[in-house]
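Reading through the structure tokens given below for one structure.
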Amino acid sequence: MNLLADCRLYGFVDTAYLHGRAADEVARALCAGGCDLIQLRAKGATLDLVRQMAAAILAVTDRAGVGLVINDHPIIAAEAGAPLCHLGQEDFFDAGHRHVGELTAGGRLQIGLSTHAPTQAGRAVEAGAAYVAIGPVFPTGTKPTARPVSLEYVRWAAREVTIPWFAIGGITLENVDDVLAAGARRICVVSAILNAPDIVEACQAFRNRLSSAPLR
Ligand code: TZP
Ligand code: MG
């Protein structure tokens with residue numbers, strides 16, 4: 001199983017949606033439900049807390065054969081031994097970086113980048129991103145100030161992006177079929193899984209829909 005090429009469902013441990021649950025408990029449920037990749041997204045958490053959660057989640061994901069992505073913190077990702085780090089446009093290009101090799105800890109870490117328009121996706125691929133996120137497709141409370149990019153950008157990605165890419169933003173069981181019809185084969189889902197009554201069942205429901213649109 002290749003962490004990115006074979007990945008269909010990318011789930012999140014987002015501290016905004018823990019609802020009193022421990023980070024590693026949520027990670028266990030995401031793995032049990034069939035997520036192929038899990039991101040730790042801990043906006044506003046102290047670096048110490050991010051380190052602690054990363055270690056606790058990595059113990060779970062390693063055992064399950066699932067890849068861990070640390071959002072925003074390449075140094076912590078590399079220290080923890082996570083295979084991937086995710087960065088936004090503002091963390092990467094706007095912070096002066098030009099190539100992901102500047103952050104990959106001698107090749108031990110891969111970097112995924114957020115993109116919101118075709119020019120950004122092109123630049124991310126040129127910069128050596130391991131994957132790109134395409135979104136937010138729909139309005140989402142998880143990133144309330146971000147302008148939705150619509151399914152048009154997903155259709156563009158399906159035609160033009162040559163590395164693994166993920167549709168993200170406001171994806172639910174109500175609209176996932178539209179996202180797949182637009183050409184997405186890999187999806188990121190945060191709130192529709194973490195706010196569901198049962199994380200495992202929610203992941204399985206998304207996996208079911210994904211199986212109707214095979215990768216290859
Ligand atoms: N980047 C673009 S949209 C988004 C991020 C992190 C949030 C996605 O969360 P949700 O709850 O699946 O809409
Ligand atoms: Mg960021």
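At a glance:
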{"item": "The range 186-200, subset in a loop (DSSP other than H, G, I, E, B) and more than 16 Å from ligand 2 (Cβ to nearest atom), residue nearest to Val13 (Cα to Cα)", "result": "Asn195"}
{"item": "Out of Ala56, Ala105, Ala45, sole residue that is outside any strand (DSSP E or B), open to solvent by less than 50 Å² (accessible area, probe 1.4 Å), without any contact (Cβ under 8 Å) to a residue 40 or more places away in the chain and within 16 Å of ligand 1 (Cβ to nearest atom)", "result": "Ala45"}
{"item": "Qualifying residue in the range 10-20 (condition: under 22 Å from Thr172 (Cα atoms) and assigned to a loop (DSSP other than H, G, I, E, B))", "result": "yes"}
{"item": "Flag if Ala27 is part of a helix (DSSP H, G or I) and open to solvent by less than 20 Å² (accessible area, probe 1.4 Å)", "result": "yes"}
{"item": "Residues being part of a loop (DSSP other than H, G, I, E, B) and more than 16 Å from ligand 1 (Cβ to nearest atom) - total across the range 66-86", "result": "4"}
{"item": "Qualifying positions in the range 117-142 - open to solvent by 60 Å² or more (accessible area, probe 1.4 Å) and touching a Gly at 6+ places or on another chain (Cβ under 7 Å)", "result": "Pro139"}
{"item": "Where Gly183 falls short, out of the listed (1) surrounded by 16 or more Cβ atoms within 10 Å (Cβ to Cβ); (2) more than 14 Å from Tyr10 (Cα to Cα); (3) within 16 Å of ligand 2 (Cβ to nearest atom)", "result": "(3)"}
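The values are calculated or read from the model by the stated rules, or taken from the named source; none is laboratory data. Only a predicted model underlies this, so the values are computations on that prediction, with no experimental measurement involved. In this analysis, Cβ positions are derived from the backbone assuming ideal geometry, glycine residues included, and neighbour counts consider all displayed protein chains. Side chains included, ligands, DNA and RNA excluded: accessible areas come from the protein's heavy atoms. Shrake-Rupley method; radii C 1.70, N 1.55, O 1.52, S 1.80 Å.
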